[in-house]
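Engineer: Dropping a structure here in structure tokens format, bear with me for questions.
The values are calculated or read from the model by the stated rules, or taken from the named source; none is laboratory data. Computed from a predicted model, the values in this text were never measured in an experiment. In this analysis, Cβ positions are derived from the backbone assuming ideal geometry, glycine residues included, and neighbour counts consider all displayed protein chains.
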Amino acid sequence: MFDYSLVHWLAFLSAAVLLNLSPGPDIAFMLGQTLRSGRRHGFAAMLGGWSGTALHVAMAAAGLSAILATSAVAFSVIKWVGAAYLIWLGVKMLLSKGDSFISNGGGRDAKAQSVYWQGVLVSALNPKVAVFFLAFLPQFVVAGAGPVGAQLFLHGSLIIVVAAFIEPLLVMMGAKLGAFLKASPRVGMWMDRGLGAMFVALGARLAASTR
């Protein structure tokens, strides 16, 4: 089972790297949290994004993503909830005075846990990810290599493994930039507003998307 050629793995891993480098709401949220609150929250957001992606992988393997791809109602419900959540996060940042760039003191663990769950929602409430996996993963299913669901789950899980080699580096670099920004609350305020505007734009783009 899972007997694939070298060409197969090279094609898949190349696509997985490009996928993980492409910007999206989960990457934006991870980097935004890193810049605003440091490495700990950046990693919390990263793990939350992976958890949300794992949910999409499991749905694709189970065939549930097909529901989002074929049902206009299901797609629209998830889309509007996800868009509203992104816009809500953006508005919170727009109303910020940059104080998130100043050391928070106590309660960091509790906030990191909250950031984790926000990361889960940012990823899980994006129906475009579910539809993408439904279109992307079957391209790497090989007849006779094992059950289709198992092959989909394997390749989907490996996308998260590839992310584990890429995204921690982004968090580390973002943390260094965030430390520099903490020295200027005024810069922090405008950074918050810039991130907020980006999340509002991402939410609007998701709301305007179609299957």
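Engineer: Sort out for me the helices (runs of 4 or more DSSP H) sitting completely within segment 20-88 that have 3 or more residues that are of a type in the set (S, T, N, Q). Show your work before the answer.
Structural biologist: Numbers: elements: 25-37, 39-62, 65-70.
Those helices (runs of 4 or more DSSP H) span 25-37.
Engineer: Exactly one of these conditions fails for residue 146: (1) of a type outside the set (A, V, I, L, M, F, W, C); (2) touching a Phe, Trp or Tyr at 6+ places or on another chain (Cβ under 8 Å); (3) at negative phi; (4) modelled with pLDDT under 90. Give me its number.
Structural biologist: Condition (3) is where residue 146 drops out.
Engineer: Which residue out of 45, 28 is within 20 Å of residue 176 (Cβ to Cβ), surrounded by 15 or more Cβ atoms within 10 Å (Cβ to Cβ) and at pLDDT 90 or above? Reasoning before the result, please.
Structural biologist: On the way: 28 fails: at pLDDT 90 or above.
Of 45, 28, the one residue that is within 20 Å of residue 176 (Cβ to Cβ), surrounded by 15 or more Cβ atoms within 10 Å (Cβ to Cβ) and at pLDDT 90 or above is 45.
Engineer: Taking the options 64, 21, name whichever one is modelled with pLDDT under 85, hydrophobic (A, V, I, L, M, F, W, C), closer than 23 Å to residue 152 by Cα and surrounded by 15 or more Cβ atoms within 10 Å (Cβ to Cβ).
Structural biologist: Values: 21 fails: surrounded by 15 or more Cβ atoms within 10 Å (Cβ to Cβ).
After ruling out the rest, the residue left standing is 64.
Engineer: If I filter segment 94-111 for residues that are crowded, with 19+ Cβ neighbours inside 10 Å, under 20 Å from residue 159 (Cβ atoms) and modelled with pLDDT under 85, do I get at least one hit?
Structural biologist: no
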